[in-house]
Structures are given as C-alpha cells and as structure tokens.
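So the structure is just underneath, and the comments pick up after that.
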Amino acid sequence: MIPSRILGTGTVLPGPPLDNAAAVKGARLLDPAWIEARTGVRARHWAPAEASISALAADALRLALDAAGLGPEALRRLIYVTSTGGEHVIPSMASDVVDALGLHGTCDSMDLNNTCVGFLTALDLAARCAHTGAGPVGIVVAEPFSRCITPEDPRPYVIFGDAFTATIVGSGGPAEGILGARFGTDRALGNVAWMPRTGMTGEPERITFKASNRTMSDLAVSTLVKTAEDVVRDAGFTLRDIAWVLPHQPNATMLQRIVEALGIDPARGVPMVAEVGSLGAASVPASLDRLLRTRDVRPGDHILMMSVGAGVSYGALLLQVGAEGMHRFTSRRRGTLPTLTEEA
C-alpha cells in the first residue's frame with residue numbers, strides 16, 4: 001500500500017448544458033435523435049471561445065482546496081493533466097495555474113499527458129510524492145475538447161464535452177491509500193485516435209478517430225476488464241469485494257458494455273456520460289468527485305478506478321478509503337459547494 005488520502009475534489013463544467021439539438025444546430029446531416037440512440041449522450045458542456053483554459057483549471061483547483069479545507073499555499077506540487085493541451089506548450093500550462101493561485105516559488109509544477117489515463121497516472125505519482133513528504137499535491141485535469149472537434153467530423157464531435165477537475169492528495173495513515181495500480185502502453189493494439197500539432201505538422205489540430213466504433217469499443221472493454229481484474233486480484237480481492245467502481249466513460253453505450261463485462265451492479269458506479277459527454281482524462285476524476293459528494297462512501301470502502309485511451313494506454317488503480325480522510329471531506333461536501341456545474 002502507498003499510504004495516501006484524497007483530501008478534496010472539485011469539478012467545473014463550463015457554460016450551460018447543450019443538448020444534442022443545440023450542439024448540432026446548423027450542422028447538416030447530424031440528427032439529434034440518432035446521436036442519443038447510438039451513443040447515449042444527451043448533453044455536454046462546451047467552454048465559451050473566449051474562456052481561459054488555465055482560469056477554468058484554477059477554478060476547479062479552488063473548489064478542491066475548499067473541500068480539503070486548505071489554502072493554495074499548502075500545495076507543494078501541481079500536476080496539470082490533459083490530452084488536448086492548452087493555450088501554449090512553453091511554458092507549461094501548470095505554471096499558469098500556479099500563477100493564478102498566487103504561488104511564487106513555493107509549488108513545483110508540471111504538465112502530464114497520458115491521454116485518457118492521465119488522471120490515474122497523476123494520482124499514482126501524487127500518492128508517492130505525498131507519502132515521501134512532497135505533498136499535498138494538486139492534480140488538475142483540463143479537457144477543452146470543444147476546441148479540437150468540428151461537425152465536419154461527426155464521430156468525435158457528437159460525444160465530447162469540456163471539463164476541468166481537481167483533486168488534492170495528501171499523506172495517509174497505515175489503513176488508507178493505494179492498494180494496487182497497473183499501467184501499460186501498447187502501440188501494437190492500434191492507433192485508435194489522433195490529434196497532430198499544427199505548428200509541427202501543418203495539419204489541423206483536430207481529433208480524429210482512426211478505428212471503427214466497434215473496434216474501439218471492443219478494445220476498451222477487453223483492456224479495461226483485464227486491467228481491473230489484474231489489479232483487484234493482485235490486491236487479494238475479487239470484484240464482488242469492491243464497493244465502488246469508476247470506469248472511464250467514453251459514451252453511454254460503451255459504459256453499459258463495460259459494466260456488463262465487469263459483472264457489477266450499476267449502482268456501484270456513477271454514470272454521468274449521458275449528461276456531460278465523454279470527458280477524456282477528466283472522466284474518472286469527475287465521477288470520483290460526484291461519488292464523494294453524493295454517495296455514502298464509508299471508511300474501509302474500496303474504490304476501483306480504470307481508464308483506457310489512445311496509445312493504446314491503459315491503467316487501473318485500487319484505493320482504500322480511510323476514516324479520518326472521509327470524515328474531513330464529508331463534513332464539507334453537502335450543501336456548501338458547487339457540485340458539477342460552474343458558469344464560465
């Protein structure tokens with residue numbers, strides 16, 4: 001076990017929700033009813049074009065710090081996670097967020113991209129940092145997908161939403177933290193998604209899917225199930241022993257397949273893709289935030305999180321909840337904080 005604790009979480013979904021009709025307004029050959037029937041996605045949030053990505057990320061971080069009962073000055077490291085990028089590559093986007101919080105010379109920061117698996121990669125790293133004294137660590141996930149999609153390519157356009165999440169990780173006691181984690185990357189599994197950098201290639205900076213829907217769905221289900229089962233088995237448990245299961249949510253149809261393949265009760269998860277769309281690396285932390293704010297998570301509960309993304313990258317992480325950490329968080333969670341939507 002890596003003793004560690006989730007101190008606080010926060011999520012910002014920018015702007016008002018857009019249903020399918022509003023999202024495809026003016027786009028030819030896109031039928032709102034067809035989108036819901038095929039993907040299960042009914043709505044999503046897209047940040048206004050003038051909105052600052054780093055400002056939205058900083059807003060999410062403030063929510064998480066508030067939930068943790070900490071000020072920004074408590075942070076010792078910030079990990080900015082994204083699969084879509086930000087306004088610039090140099091300097092790091094993490095440095096923008098640190099500056100927005102008024103931190104100067106007291107907080108290390110870095111950018112991290114592991115496609116949709118990025119949050120779990122960062123959580124594993126943050127727990128190790130916190131356990132060795134380099135904490136608390138803030139993890140910000142910024143996924144402004146609306147700036148990387150176009151109705152001319154409908155497959156990514158109809159499923160993606162924007163989201164900004166934050167998680168604060170601190171050191172934990174002997175009975176709380178990461179019980180196990182497994183990560184991998186295998187390009188031999190195929191190149192399922194692609195987004196070039198315009199300045200390096202001259203190509204438009206747009207997300208495209210390189211594999212069929214069936215191929216991506218089969219790959220996601222098989223990879224997630226195997227990785228999750230491996231982590232749980234290595235920790236000495238079975239899936240029946242796990243209180244909460246938070247898989248990556250590519251779309252509602254695929255989420256249903258994942259849940260069925262895992263053989264778990266849907267009530268042990270937090271399905272939200274139908275109302276927010278596919279959130280990339282923000283999918284798992286957004287569902288973790290909602291879980292901690294709305295469900296009866298108890299001391300000793302196990303939370304299994306898993307994700308898969310382009311690369312092909314995949315990962316799963318098993319977390320054990322400690323009594324002190326949950327008491328600290330639940331005392332602040334209901335009735336005092338925004339839950340999932342913040343106006344930009």
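All of the numbers you see were taken from the coordinates with simple rules; none came from a lab. In this text, all values refer to a predicted model and were calculated from it rather than measured experimentally. Because the Cβ atoms are built from the backbone with ideal geometry, glycine has one as well, and the counts that use them run over all protein chains shown.
Each residue of the range 47-63 in order: what ³J(HN,Hα) in whole Hz does its phi give by Karplus 6.51 cos²θ - 1.76 cosθ + 1.60, θ = phi - 60°, with x for Gly and Pro?
5, x, 4, 8, 5, 7, 5, 5, 5, 5, 5, 5, 4, 4, 5, 5, 4
Select from A37, I90, V158 the residue farthest towards the positive end of the dipole of the range 2-171; place +1 on Cβ of Lys and Arg, -1 on Cβ of Asp and Glu, and compute about the Cα centre.
A37
Have a look at P154, P196, P144 and tell me which one the Gaussian network model of the chain (Cα, springs below 10 Å) gives the largest fluctuation.
Among P154, P196, P144, the largest mean-square fluctuation in the Gaussian network model of the chain belongs to P196.
Round to a whole angstrom and tell me the spacing of the C-alpha centers of the range 119-163 and the range 1-35.
Using only Cα atoms to place each centre, the spacing works out to 13 Å.
What is the calculated FRET efficiency for L239 to A37, with r their C-beta to C-beta distance and R₀ = 30 Å, to the nearest 0.05?
FRET efficiency, L239 to A37: 0.50.
Counting other beta carbons within 10 Å of each Cβ, put M216, M200, M305, M1 in order, fewest first.
Ordered by Cβ neighbours within 10 Å, fewest first: M200, M1, M216, M305.
Under a crude label model (7 Å from the Cα following the beta-carbon direction), how far is H104 from I90 in nanometres?
Between H104 and I90, the label points sit 2.5 nm apart.
Skipping prolines and chain starts, which residues have an amide H placed within reach, meaning under 5 Å, of the one on G269, given they are 5 or more residues away or on another chain?
So G269 has HN proximity to V245.
Say a site is exposed when it is one of the GluC sites (Glu not before Pro), sits in a DSSP loop, and has at most 13 other Cβ atoms within 10 Å; what is then the longest site-free stretch of the chain?
It works out to 153-342.
With an 8 Å Cα cut-off and a minimum separation of 6 or more residues, compute the relative contact order for the range 177-333 in percent.
Dividing the mean separation by the residue count of the range 177-333 yields 35 percent.
Using R₀ = 30 Å, calculate the FRET efficiency as 1/(1 + (r/R₀)^6) where r is the Cβ-Cβ separation of A27 and N113; round to 0.05.
Efficiency, from the Cβ-Cβ distance: 0.55.
Can you show me the helix-derived [θ] at 222 nm for the chain, built from DSSP H runs with n ≥ 4 at -39,500 (n - 2.57) apiece and divided by the number of residues, rounded to the nearest 500.
Calculated at 222 nm, the ellipticity per residue is -10000 deg cm²/dmol.
Could you list which residues have their amide H under 5 Å from that of L7, counting only those 5 or more apart in sequence or on another chain, with H placed in the peptide plane?
Excluding prolines and chain starts, which carry no amide H, the hits are I168, V169, G170.
Taking amide hydrogens as modeled 1.01 Å from N in the peptide plane, which residues meet the under 5 Å criterion relative to S278, leaving out close sequence neighbours?
Counting only residues 5 or more places away or on other chains, the set is F160, G161.
Using each residue's phi in the range 179-193, evaluate 6.51 cos²θ - 1.76 cosθ + 1.60 at θ = phi - 60° and report the 3J(HN,Hα) Karplus result to the nearest Hz, with x for Gly and Pro.
For the range 179-193, the Karplus-derived couplings read 7, x, 8, 9, 9, x, 9, 9, 5, 5, 6, x, 9, 8, 8 Hz, x marking Gly and Pro.
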